[in-house]
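The values are calculated or read from the model by the stated rules, or taken from the named source; none is laboratory data. Remember, it's a predicted structure, so these values are computed and weren't measured experimentally. We place every Cβ from the backbone using ideal geometry, glycine too, and count neighbours over all the protein chains shown.
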Amino acid sequence: MIRLIMTFLLCLTVAGNVAAENAAPENSAAESTALKSGVFDPPRMAPDFSLPSSRDNQFTLSEQRGKVLVLGFGFSNCPNVCPMTLANLAQTYKNLGALAEQVQVVYMTVDPERDTPAQLREYLAKFNGHFVGVTGAADELAAVRQAYGIIAKKEVHKTGGTYEVHHSSYIYLIDREGLLRALVPFGKGADDITHDIKILLHEKSHQAAL
């Protein structure tokens with residue numbers, strides 16, 4: 001009788017170990033396909049815009065289908081936040097390797113008075129020559145910021161007549177179909193951003209999955 005009980009307990013132990021081993025890969029797979037940034041649930045279409053770019057042409061968001069877009073807002077005279085964000089994105093490009101060809105970083109200025117297409121081109125080239133800057137008339141940029149929930153406020157310094165612009169510092173990830181998928185907070189590391197972009201690059205049509 002004791003031998004039967006011991007055999008039964010051994011079977012339960014083995015069965016439990018097998019179940020745990022089978023569950024572990026599933027949990028790991030679920031974690032590996034989960035975005036590490038804030039998720040848009042459900043995803044929604046990214047507000048479109050068409051504005052002058054640092055490539056001396058018109059950049060239209062809706063014409064970028066097929067690529068994953070990384071959309072950020074800032075300005076070339078930004079002292080701290082923008083350089084850190086762009087440096088992170090430059091490292092993300094390096095992490096992606098050949099996959100970076102399927103990704104486009106778009107940086108829209110919040111300072112159109114100083115950020116001409118040429119100025120943005122020179123500034124972004126310090127981080128990565130493939131990044132594209134977008135500028136335009138103040139009212140056009142304000143409309144885009146409103147559509148994306150971006151805040152920008154100009155502060156004139158008391159001496160010297162110079163100014164800076166305080167602005168929202170998160171970036172958006174937009175998938176191949178033009179859907180807003182993730183909101184990346186300031187300070188998120190390049191490894192996490194790379195992780196999220198790779199998920200968007202490799203996933204099947206999100207529309208088909210709905």
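Within the range 37-63, being assigned to a helix (DSSP H, G or I) and surrounded by fewer than 18 Cβ atoms within 10 Å (Cβ to Cβ) holds for Ser62, Glu63. Scanning the range 50-96 for residues being farther than 20 Å from Tyr148 by Cβ and of a type in the set (Lys, Arg) gives a total of 2. On the basis of being of a type outside the set (D, E, K, R), within 21 Å of Pro185 (Cα to Cα), assigned to a helix (DSSP H, G or I) and in contact with a helix residue (DSSP H, G or I) (Cβ under 8 Å, 6 or more places away or on another chain), does Leu69 make the cut? No, not satisfied. Report yes if Gln119 is exposed (fewer than 12 other Cβ atoms within 10 Å of the Cβ), out of contact with any Leu (no Cβ under 6 Å at 6 or more places or on another chain) and polar (S, T, N, Q), otherwise no. For Gln119, the condition - exposed (fewer than 12 other Cβ atoms within 10 Å of the Cβ), out of contact with any Leu (no Cβ under 6 Å at 6 or more places or on another chain) and polar (S, T, N, Q) - is not met. Restricting the range 157-172 to residues that are closer than 15 Å to Pro112 by Cα and β-branched (Val, Ile, Thr), the residue that is farthest from the chain's Cα centre (by Cα) is Thr162. Evaluating Leu124 against the criteria (1) buried (at least 20 other Cβ atoms within 10 Å of the Cβ); (2) assigned to a strand (DSSP E or B) leaves one unmet condition, (2). In the range 141-153, the condition of being out of contact with any Lys or Arg (no Cβ under 9 Å at 6 or more places or on another chain), closer than 25 Å to Met45 by Cα and assigned to a loop (DSSP other than H, G, I, E, B) is met by at least one residue. For Gly187, the criteria (1) in a loop (DSSP other than H, G, I, E, B); (2) surrounded by fewer than 20 Cβ atoms within 10 Å (Cβ to Cβ); (3) in contact with a Phe, Trp or Tyr (Cβ under 7 Å, 6 or more places away or on another chain) hold in every case but one, which is (3).
Only a single item in (1) at pLDDT 95 or above; (2) more than 25 Å from Leu201 (Cβ to Cβ) is not met by Asn80, and it is number (1). The combined condition, being touching a residue at least 40 places away in the same chain (Cβ under 8 Å) and out of contact with any Leu (no Cβ under 6 Å at 6 or more places or on another chain), is not fulfilled by Asp139. In the condition set (1) at pLDDT 95 or above; (2) surrounded by fewer than 14 Cβ atoms within 10 Å (Cβ to Cβ); (3) in a loop (DSSP other than H, G, I, E, B), Asp111 is compliant with all but (2). Just one of the listed residues (Val144, Val165, Val105) is under 17 Å from Phe59 (Cα atoms), among the aliphatic types (A, V, I, L, M) and touching a residue at least 60 places away in the same chain (Cβ under 8 Å), namely Val144.
Results for (1) within 17 Å of Ser169 (Cα to Cα); (2) touching a residue at least 24 places away in the same chain (Cβ under 8 Å), shown as yes or no for each residue.
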| position | (1), (2) |
| --- | --- |
| Phe59 | no, yes |
| Glu63 | no, no |
| Asn88 | yes, yes |
| Gly97 | no, no |
| Ala118 | no, yes |
